[in-house]
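K.L.:
Would you mind keeping the following structure in view while I ask a few things?
Just so you know, all these numbers are worked out from the coordinates, no wet-lab data involved. The structure presented is a predicted model; accordingly, all values stated were derived computationally and were not measured. Cβ placement follows ideal geometry from the backbone for every residue including glycine, while neighbour counts extend to all protein chains displayed.
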Amino acid sequence: MLAFSLVLVFIYFSANLVTGYVVHHATFVSSRAFLVGDAASESNLELGVSRGISMAKDTFEQSLGGFKIDHEGLKFNVHPSVSQGETTSTDIAEYYGAYLVFRPPFRIAGDKEKNKLLSESFLGKEPTRAECDCQIRTAMGFRCGSEIDEDVALYDNGC
């Protein structure tokens, strides 16, 4: 009985660890696809981000392969000016990337809400040209995307 219990505990932990590694890898790969997929030269920030999100979701599904993992959907941290349903905004450039809340396959407690794990892959990135343009216009007192018809002094924000 003791040996059988040890085998079950070993199977329990190994299945949960493998699931965690697979999910972390898929989240990391999708985060990289998100960061390189948004068109850096795109003047429309939301269009660039939506391209990155679509690439990241495709990459995420390919990375999971045949694993059936109970998750709440891949989410993204993006620039505050982007307002899309699957994104949350952050002012910290190092927190751009993907994250996923998932549930392990074997749980001790039966309550699904108590058995959630988080996989996050926040990779720092250079701001896109649209982000730089928006930051500079905001600092000069203009709206993003508006025409500037005045003589103003530019400031260097690192873009």
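K.L.:
Could you check the spin-label model distance between Q62 and D133? Points 7 Å from the Cα along Cα→Cβ, value in nm.
P.N.:
3.0 nm
K.L.:
A further question follows. Tell me, what ³J(HN,Hα) does each residue in the stretch 23-29 have, in order and in whole Hz, if you take phi through Karplus 6.51 cos²θ - 1.76 cosθ + 1.60 with θ = phi - 60° and put x for Gly and Pro?
P.N.:
5, 4, 5, 5, 5, 5, 5
K.L.:
Turning to a different aspect of this structure: Report the calculated FRET efficiency for V36 and D70 (r = Cβ-Cβ distance, R0 = 35 Å), to the nearest 0.05.
P.N.:
Values: r = 28 Å, r/R0 = 0.81.
Efficiency, rounded to the nearest 0.05: 0.80.
K.L.:
Rounded to the nearest 0.05, what FRET efficiency do F106 and S54 have when you use their Cβ-Cβ distance and R0 = 35 Å?
P.N.:
The calculated FRET efficiency here is 0.60.
K.L.:
Can I ask one more? Among 47-53, 6-12, 60-66, 132-138, how do they line up by average Cβ neighbours within 10 Å per residue, starting with the highest?
P.N.:
My ranking of the peptides, most packed first, is 47-53, 132-138, 60-66, 6-12.
K.L.:
Got a sec? Which residues in the stretch 48-75 would a label at L118 touch, if it sits 7 Å along Cα→Cβ and we count backbone N under 16 Å?
P.N.:
Correct set: 72-75.
K.L.:
Label points 7 Å out from Cα along the Cβ direction at S5 and L47: separation in nm?
P.N.:
It is 6.4 nm.
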